[in-house]
Amino acid sequence: MKIEESNIVEANDYRVIIYPASRPFTTKEAKVITEKLYDFLAGWAAHGKPLSSSFKIEKNQFIVICVDEEKEMASGCSIDALGKIMREIDEEYQLGLFDRMKASFVENGEVKTLKLIDFKNKIRAGELSKDIEVFDFSKNTYLEFLGNFLLPFSKSWAVTIK
């Protein structure tokens, strides 16, 4: 299931939670993850009220959860439940979904992920071209995600690395 195929309208600014994997998913992993998230989100609720939500797997490596909080706010318990299913997926496939000390970028059309310190060292040493595009996992709304998830190096957070 993709966001475009759900009842989420892309023009609205929904809450987004991004889970970046440290590597691309295999075909089997993507299929199982899709099934697990589809089943989970179908019953996801906050204080007994269903949450209008969806997800997509972006670039075969990033899980993007989208919630329409104008209808119902995702509460602490519902966010905990999402975290639990994501931890189960992470543990099953060793994806590094909760490791925030990494950087992902596109170089020569290929998504690559490095430990943050290695990424910074390669930038400083000139080992990575300034022609790369860099992912930003800090986006909190769908409109931010659409416009600023993948940016040219010169417009990304990475440009501040000295």
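Taking 0.36 nm per residue of separation and subtracting the Cα-Cα distance, what length does fully extending residue 141 through residue 13 add?
Additional length available on full extension: 45.5 nm.
Starting from 0.36 nm per residue, how many nanometres of slack lie between residue 112 and residue 77 once their C-alpha separation is accounted for?
Answer, rounded to one decimal: 9.2 nm.
For the charge dipole of segment 59-140, defined by +1 on Lys and Arg C-beta atoms and -1 on Asp and Glu C-beta atoms about the Cα centroid, which residue among 103, 83, 126 has the Cα displaced farthest towards the positive pole?
126
Distances over 20 Å make up what percent of all Cα-Cα pairs in the chain?
Tail of P(r) above 20 Å: 53 percent of Cα pairs.
Which length gain, in nm to one decimal place, applies between residue 45 and residue 100 when the Cα-Cα distance is subtracted from 0.36 nm times their residue separation?
Contour length minus Cα-Cα distance gives 17.1 nm.
Please state the charge dipole magnitude for the chain, taken about the Cα centre, from unit charges on C-beta atoms (+1 on K and R, -1 on D and E), reported in debye and rounded to the nearest 20.
620 debye
Where does segment 102-160 land on the Kirkwood hydrodynamic radius, alpha-carbon pairs, in angstrom?
11.6 Å
Pairs of Cα atoms under 8 Å, at least six residues apart: use those to get the relative contact order of the chain, whole percent.
25 percent
Average the reciprocal distances over every distinct pair of alpha-carbons in segment 15-93, invert the result, and give the Kirkwood radius in Å.
12.9 Å
Taking all protein chains together and a probe of 1.4 Å, list 136, 80 from the most accessible to the least accessible.
80, 136
Going through the cross-link list 28/130; 84/112; 28/162; 31/102, which pairs have a Cα-Cα distance over 31 Å in this structure?
Flagged as over cut-off: 28/130; 28/162.
The values are calculated or read from the model by the stated rules, or taken from the named source; none is laboratory data. Being a predicted model, the structure only gives us computed values, none of them experimental. Ideal geometry is used to build each Cβ from the backbone, glycine not excepted, and the neighbour counts take in all protein chains shown. Note: accessible area is taken over every heavy atom of the protein model, side chains too, but ligands, DNA and RNA are not part of it. Shrake-Rupley method; radii C 1.70, N 1.55, O 1.52, S 1.80 Å.
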